[in-house]
Amino acid sequence: MEIEKFTADELRELRDNPYVEKASETTITYTTEFKERFALDYATGKLPSAILRDCGFNPAVLGRKRQDGLVRRTKKYAQRPDGFRDTRGRRRIEKEYSDVEKIQWLEHQVRYLKQENEFLKKIRFLDRRAEWECKVKQSLKKSIESSKK
């Protein structure tokens, strides 16, 4: 199933809308303000197409799937601790760790890396052994075939 792409005119119309952060041929990123407004209006019983019209969107351009997705995501956003903020691609602020916690974490990293190295050594060993066994079998086949002639 192919995603409906916006035409150049539709993209221009979307990008000019104050409730759109950014838009591409296939995706729209709405502003936090719009998401909050949409959730409030939807909770009062307003239809998604009516809300979109009120906010300056053409529901026909967005289509049924995008409207349904917007409703689904808005409901999910309303339950998140971050709310309607877009958290994609942003690093979370790391908390300050005590020296003891840093040492414990580093010791854990050392143990993990040692374990990973042992695992890689075993894999290399098994790989070399398999290659050697394959070569031995091939040489045995060649010697048997040459002795039959």
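Every number here is computed from the coordinates shown, using simple stated rules; none is lab data. Please read these numbers as outputs of a predicted model, since none were measured by experiment. For neighbour counting, all protein chains shown are included, and Cβ atoms are generated from backbone atoms with ideal geometry for every residue, glycine included.
Could you please rank LYS141, LYS95, placing first whichever residue has the fewest other Cβ atoms within 10 Å of its Cβ?
LYS95, LYS141
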Exercise. Using only alpha carbon pairs under 8 Å that are at least six residues apart, calculate the relative contact order of the range 1-117 and give it in whole percent.
Key: 17
Self-check item: Nearby lysines by direct alpha-carbon distance to LYS121 (threshold 24 angstrom, same-chain neighbours under 8 apart not counted)
Solution: LYS135
Quiz prompt | Integer Hz, Karplus 6.51/-1.76/1.60 couplings in order for the range 99-109, x for Gly and Pro | solution = 4, 4, 5, 5, 5, 4, 5, 5, 4, 4, 4
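Here are some pairs, LYS46/LYS75; LYS5/LYS65; LYS5/LYS35; LYS35/LYS76; which of them have Cα atoms lying more than 18 Å apart in this structure? Walk me through the numbers on the way to the answer.
On the way: LYS46/LYS75 14 Å; LYS5/LYS65 13 Å; LYS5/LYS35 22 Å; LYS35/LYS76 11 Å.
Pairs exceeding the cut-off: LYS5/LYS35.
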Quiz item: Based on the Cα coordinates of the chain, what is the per residue volume of their convex hull in Å³?
Solution: 241
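Two decimals is fine: what's Rg over Rh for the range 1-61, C-alpha atoms, Kirkwood radius as Rh?
Details: Rg = 12.0 Å, Rh = 12.2 Å.
When Rh is taken as the Kirkwood radius, the ratio is 0.98.
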